[in-house]
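The values are calculated or read from the model by the stated rules, or taken from the named source; none is laboratory data. As the structure is a computational prediction, the values presented were derived from the model and not from experiment. As a convention, Cβ positions derive from the backbone with ideal geometry for all residues, glycine included, and neighbour counts pool all protein chains shown.
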Amino acid sequence: YDARERQPHTVEHLTKANLNGDGFGVGWYSSNKDDKKPCVFTSILPAWNNPNLARLAEKVESPLVFAHVRAAYPGMPVSEQNCHPFVSGKYMFMHNGNIGNFLKVRRILLRELREDVYNGCQSFHSDSAVCFAVF
């Protein structure tokens with residue numbers, strides 16, 4: 001499945017409501033203060049069509065929840081690697097929108113990363129994942 005199958009190839013779709021059906025992610029922190037690492041569940045199914053999300057929502061209790069639905073831009077791969085939130089250690093990150101001229105600056109940004117951060121970057125296709133790595 002490729003996002004280009006359902007979105008127009010014009011900038012106009014950015015100004016109108018998109019159908020955020022290219023996946024989702026939900027992340028949460030435990031109520032246990034000693035457990036600092038977040039738990040994340042992602043899927044490329046639309047959020048409204050995922051029975052596991054409904055089951056988790058009934059049971060998970062957390063002082064802090066991140067939730068993100070995804071509408072991939074044309075040409076952007078639809079994969080769980082590109083579903084937010086992203087995690088590194090005790091941090092979670094998600095981003096809405098796109099980074100202007102990302103394809104022009106991606107290589108420059110990746111070159112500046114330390115080796116361990118570069119190797120931990122969840123997706124080089126996602127402007128959000130690269131942005132998180134830079135953070």
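Inspect segment 16-33 for any residue being more than 18 Å from the chain's Cα centre (by Cα), at pLDDT below 85 and assigned to a loop (DSSP other than H, G, I, E, B) and give the result as yes or no. Looking for residues that are more than 18 Å from the chain's Cα centre (by Cα), at pLDDT below 85 and assigned to a loop (DSSP other than H, G, I, E, B), one finds at least one in segment 16-33, hence yes. Each residue in segment 110-123 was checked for being under 22 Å from residue 25 (Cβ atoms), surrounded by 15 or more Cβ atoms within 10 Å (Cβ to Cβ) and without any contact (Cβ under 8 Å) to a residue 40 or more places away in the chain, and 3 pass. Considering the conditions (1) at pLDDT below 90; (2) in contact with a strand residue (DSSP E or B) (Cβ under 9 Å, 6 or more places away or on another chain), residue 103 is excluded by exactly one of them, (2).
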